[in-house]
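The values are calculated or read from the model by the stated rules, or taken from the named source; none is laboratory data. For clarity, every value in this text was computed on a predicted model and none was experimentally measured. For neighbour counting, all protein chains shown are included, and Cβ atoms are generated from backbone atoms with ideal geometry for every residue, glycine included. SASA here: full protein model, heavy atoms, side chains in, ligands and nucleic acids out. Shrake-Rupley method; radii C 1.70, N 1.55, O 1.52, S 1.80 Å.
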Amino acid sequence: MSVLNLKNRFYLKDLLSGVVVFLVALPLCLGIALASGAPIISGIIAGIVGGIIVGLLSGSHISVAGPAAGLTAVILVQLEQLGGNYAAFLLCIIFAGVLQILFGLFKLGFFANFIPNNVILGLLAAIGVILIATQLPYLFGLSAFSWKQVWTSTPDAFLQRFDEGAALIGLLSLFLILAWDSSPLKKLALPSALIAVVLAAVLNFILVSMGSAWAVQIDNLIQLPNILQAPEKVLIFPDFSYLAEPMIYTGAITLAVVASLETLLNLEAADKIDPQKRSSPPNRELWAQGTGNIVSGLIGGMPVTSVIVRSSVNANTGARSKCSTIIHGVLLLLAVLFFVPLMNMIPLSALAAILIVTGFKLTHPKLFKQLYQKGWKQFLPFIITLVAILLTDLLMGILIGLFTSSAFILYGNFNKGIRVYREKRLHGVVTRIELPSQVTFLNRSALISALEHVHKNQQLIIDATQCDSIDPDIYQVIQDYQSETAIKRQVNLKLVGFKQHYQDVDDAVLDIDISTHDLQQKLSPQQVVNLLKEGNERFVKNERLQRDIYRQIRVTADEGQHPIAAVLGCMDSRAPTEMIFDVGIGDLFSLRIAGNIAGQKVLGSLEFACKAKGSKVIVVLGHTDCGAVTSACQLRLEQKQISDVKEMPHIQYVLGPLMHSVNSVYDIMQPRELGNAFISQVTAMNVHYNIQYIINNSSVLKDMVERGEIVVVGAIYDVKTGHVQFLD
């Protein structure tokens, strides 16, 4: 990004956030260096490089780079293997940076997308707990004690090192931050953390000037070395004589992997706490971090990664762009060069108050409640990640969290990958085993269990139409079942969708999906009515049968059509008859006309359907909220004639037949307004009228009804519920 673009995106809040992040980063840089066994100045150098170099190259607006507590264990091990030679370890940092650049160039940053959200939240919560636990001693002026020593020390030792002034300033700073953030002052440009640090330094300066016993002791103040006085004693440069040492390269690989993993996770976490919810490019972040590590290693700094603590402070103090992280790096540089005496006046307890509040936000009780309410699959990986990080380290805790989350996924595949349906189709009850998109060894147990529950003489379909890949082991299980078990149990097995994966198998033609001539001859009219009712029940429950429409087209094209019923329905777009009765292609004759009116052409079509093609049932299907019926009822209430509808001169061929039903119902009900009851009665009367018309005007169909070859039934389709009510 150019300097001009940075200038255009600069905000006042970035300056304030940069100052606060600088104040938080300063003691962290020093503390992490001490904890890692590295020279004290190396932590500051890493903070400067992370702020300026990585800040300029990174694509993240919130993430702040610098030395990370998560790398302390890695650094300690590497230094121990190199005999404590930090100059040699700098080569590990340089080569780790080169590897990170390669990771970015080869676009390996996608790995961040595979980290579950609950693991990331567990990481954040664990860091929050660590922050609170490690900063409490500093808050009470006990910088000489570790967290464990606070609880194991004797009361005399505790009181001897207790700093009343530091504790007072720490508690006042904590109270000020909480009060500021919960008051209208929060809307001001000045962040509460900055106010607390400035007031803490001023208060300590006053106490020191007064010679008060409450002045903060030197151990509880920031102690920054002065690099300008003796740079040759402070700075360390890489020792290139160790280039032939294998430990350098194995250490570089370990450092690159761990640092990259931590960077990607922290980058993902930083995006989640970004108030503007922007997305950061992970591959760009990898090579930005890699460049930063090369520079840091060349000038004696520690490894750098994206750091969630400073990123959280950056977001919470209102940063708008990455100018804040660059500013924090510049301030670290200026501080180490020119403002050492001034910085050394700031009490550590004030900075501890900032970090404790930040830690509490990362591990807020609401977070636990929200994840618990989402169920154990979300809560357990979260809590296990949190506890594992606290008991081990960052990398091991994340790996344990990933393993736990993966275990839930594996368990889901064991139990839910294979779906078994028992479907009542035209040709009888069929068991259909539907395979998932990815069929692997994880589905083996569920598939074998499903096959074992298929009983003798059943019809079975193994459906692979939704599969993208099928593991050869699974295919072998299916082949063995087809060649042995299915034959012994007399199971009528059909394989569908396997041809695209294995050329040695031909997909079965599912004639059970369509009406055939033999089936049509076997079914009685009442059985057909029952099939239509059952199909509508599936439609209402959203349990429609799975059908291979393309295969049905091919089969019906070759074998012809043998529909079991003819439906005279309305042309209303909300009443598609094939869907309503859940039938396939070739199962139904569908006649659709406004008002489901049975005219001479309809009679000809119905005679063809029943006499020539063998349909067993005629369904006259009306529906609720019918526009044609409503219009006819409105005309009757307004005492108008059909000829008065001038804008649609041919509507008379629809409304004319409807008026017989309208007048009949009107004479009985005498309605005064257009209501649902009036329209519903007319709809039902219209169905009955058209049934009478069909029987009275077609001697062919009348004779077939009298001989029991067909039945004519009426039904009303509810457009709101999808239910079809068959009339007596």
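Scanning for something within 13 Å of ILE585 (Cβ to Cβ), over 35 Å from the mean Cα position of the chain (by Cα), at pLDDT below 95 and open to solvent by 50 Å² or more (accessible area, probe 1.4 Å), does the range 545-554 turn up at least one residue?
Within the range 545-554, one or more residues are within 13 Å of ILE585 (Cβ to Cβ), over 35 Å from the mean Cα position of the chain (by Cα), at pLDDT below 95 and open to solvent by 50 Å² or more (accessible area, probe 1.4 Å).
Which residue, of LEU390, LEU399, LEU362, LEU367, is more than 24 Å from the chain's Cα centre (by Cα) and aliphatic (A, V, I, L, M)?
Step by step, each of LEU390, LEU399, LEU362, LEU367 is checked, and only LEU390 is more than 24 Å from the chain's Cα centre (by Cα) and aliphatic (A, V, I, L, M).
Does LEU342 qualify as being within 23 Å of VAL202 (Cβ to Cβ), open to solvent by 10 Å² or more (accessible area, probe 1.4 Å), among the aliphatic types (A, V, I, L, M) and more than 26 Å from the chain's Cα centre (by Cα)?
yes
Is it true that VAL98 is at pLDDT 85 or above, open to solvent by 50 Å² or more (accessible area, probe 1.4 Å) and more than 32 Å from the chain's Cα centre (by Cα)?
Values: at pLDDT 85 or above: yes; open to solvent by 50 Å² or more (accessible area, probe 1.4 Å): yes; more than 32 Å from the chain's Cα centre (by Cα): yes.
It is true that VAL98 is at pLDDT 85 or above, open to solvent by 50 Å² or more (accessible area, probe 1.4 Å) and more than 32 Å from the chain's Cα centre (by Cα).
Step by step: first the residues of the range 387-404, then only those that are closer than 30 Å to ASN220 by Cβ and assigned to a helix (DSSP H, G or I), then the one that is most open to solvent (accessible area, probe 1.4 Å). Which residue is that?
This residue is LEU391.
With the structure loaded, tell me whether ASP558 is part of a helix (DSSP H, G or I), modelled with pLDDT under 90 and among the acidic types (Asp, Glu) or whether it fails that test.
Details: part of a helix (DSSP H, G or I): yes; modelled with pLDDT under 90: yes; among the acidic types (Asp, Glu): yes.
Taking the combined requirement at face value, the residue satisfies it.
Given the residues ASP473, ASP480, which is the only one that is at pLDDT 85 or above and either open to solvent by 70 Å² or more (accessible area, probe 1.4 Å) or under 30 Å from GLN378 (Cβ atoms) (or both)? Talk me through it step by step, then tell me what you get.
On the way: ASP480 fails: either open to solvent by 70 Å² or more (accessible area, probe 1.4 Å) or under 30 Å from GLN378 (Cβ atoms) (or both).
Just a single option satisfies the conditions, and that option is ASP473.
Restricting the range 690-706 to residues that are in contact (Cβ under 8 Å) with a residue 60 or more places away in the chain and of a type in the set (Val, Ile, Thr), which is most open to solvent (accessible area, probe 1.4 Å)?
Once the filter is applied, the top-ranked residue is VAL700.
Looking at the range 592-631, which of its residues are small (Gly, Ala, Ser) and touching a Gly at 6+ places or on another chain (Cβ under 8 Å)?
We begin by selecting, within the range 592-631, every residue small (Gly, Ala, Ser); these are 594-595, 598-599, 604-605, 609, 612, 614-615, 622, 627-628, 631.
Listed by number, the residues that qualify are ALA594, GLY622, ALA628.
Mind checking whether some residue in the range 532-547 is in contact (Cβ under 8 Å) with a residue 40 or more places away in the chain and under 15 Å from ALA609 (Cβ atoms)?
Yes; the residues of the range 532-547 include at least one that is in contact (Cβ under 8 Å) with a residue 40 or more places away in the chain and under 15 Å from ALA609 (Cβ atoms).
If you scan the range 51-67, which residues turn out to be buried (at least 24 other Cβ atoms within 10 Å of the Cβ) and either more than 11 Å from SER311 (Cβ to Cβ) or among the hydroxyl-bearing types (Ser, Thr, Tyr) (or both)?
Answer for the range 51-67, where residues must be buried (at least 24 other Cβ atoms within 10 Å of the Cβ) and either more than 11 Å from SER311 (Cβ to Cβ) or among the hydroxyl-bearing types (Ser, Thr, Tyr) (or both): GLY51, VAL54, GLY55, SER58, SER60, SER63, PRO67.
Given the conditions (1) under 22 Å from VAL619 (Cβ atoms); (2) over 57 Å from the mean Cα position of the chain (by Cα); (3) of a type outside the set (Val, Ile, Thr); (4) outside any loop (DSSP other than H, G, I, E, B), report the number of the one that ASN690 does not fulfil.
(2)
This table checks each residue for (1) out of contact with any Pro (no Cβ under 9 Å at 6 or more places or on another chain); (2) touching a residue at least 40 places away in the same chain (Cβ under 8 Å).
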residue	(1), (2)
LEU402	no, yes
VAL430	yes, yes
VAL439	yes, no
ASN443	no, no
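So which residues in the range 148-187 are at pLDDT below 65 and either touching a strand residue (DSSP E or B) at 6+ places or on another chain (Cβ under 8 Å) or exposed (fewer than 14 other Cβ atoms within 10 Å of the Cβ) (or both), if there are any at all?
Matches in the range 148-187: LYS148, TRP151, THR152, THR154, PRO155, ASP156, ALA157, LEU159, GLN160.
Looking at ALA594, ALA598 in this structure, which one is hydrophobic (A, V, I, L, M, F, W, C), more than 17 Å from LEU701 (Cβ to Cβ) and at pLDDT below 95?
The unique qualifying residue is ALA594.
Pull up the range 589-611, narrow it to residues that are touching a strand residue (DSSP E or B) at 6+ places or on another chain (Cβ under 7 Å) and among the small types (Gly, Ala, Ser), then point me to the one that is farthest from HIS650 (Cα to Cα).
In this case the residue turns out to be ALA609.
State whether one or more residues within the range 228-241 are closer than 28 Å to LYS107 by Cβ and surrounded by 17 or more Cβ atoms within 10 Å (Cβ to Cβ).
So far as the range 228-241 goes, no, none of its residues is closer than 28 Å to LYS107 by Cβ and surrounded by 17 or more Cβ atoms within 10 Å (Cβ to Cβ).
I need the full set of residues from the range 356-376 which are surrounded by 15 or more Cβ atoms within 10 Å (Cβ to Cβ), of a type outside the set (A, V, I, L, M, F, W, C) and over 9 Å from ALA125 (Cα atoms), in order please.
THR358
On the given criteria, is ILE691 at pLDDT 95 or above and either over 30 Å from LYS522 (Cα atoms) or in contact with a strand residue (DSSP E or B) (Cβ under 9 Å, 6 or more places away or on another chain) (or both)?
Yes: the conditions hold for ILE691.
Give me the residue from the range 101-118 that is at pLDDT below 85 and open to solvent by 100 Å² or more (accessible area, probe 1.4 Å) and, out of that set, farthest from SER306 (Cα to Cα).
PHE114
For the range 672-689, give me each residue that is among the polar types (S, T, N, Q) and open to solvent by 80 Å² or more (accessible area, probe 1.4 Å).
ASN676, GLN681
Taking the condition of being more than 27 Å from the chain's Cα centre (by Cα) and open to solvent by 20 Å² or more (accessible area, probe 1.4 Å), how many residues in the range 288-316 meet it?
Of the range 288-316, the ones more than 27 Å from the chain's Cα centre (by Cα) are 288-304.
Keeping just the survivors that are open to solvent by 20 Å² or more (accessible area, probe 1.4 Å) gives 291, 294-295, 298-299.
Counting residues in the range 288-316 that are more than 27 Å from the chain's Cα centre (by Cα) and open to solvent by 20 Å² or more (accessible area, probe 1.4 Å) gives 5.
In the range 201-227, how many residues are within 51 Å of the chain's Cα centre (by Cα), crowded, with 17+ Cβ neighbours inside 10 Å and farther than 18 Å from VAL340 by Cβ?
Residues flagged as within 51 Å of the chain's Cα centre (by Cα), crowded, with 17+ Cβ neighbours inside 10 Å and farther than 18 Å from VAL340 by Cβ within the range 201-227 amount to 1.
Only residues in the range 198-226 that are under 23 Å from LEU142 (Cβ atoms) and in a loop (DSSP other than H, G, I, E, B) count as the first member; pair them with residues that are open to solvent by 70 Å² or more (accessible area, probe 1.4 Å) and at pLDDT 90 or above, Cβ under 7 angstrom, at least 6 apart or cross-chain, and list the lot.
TRP214/LEU168
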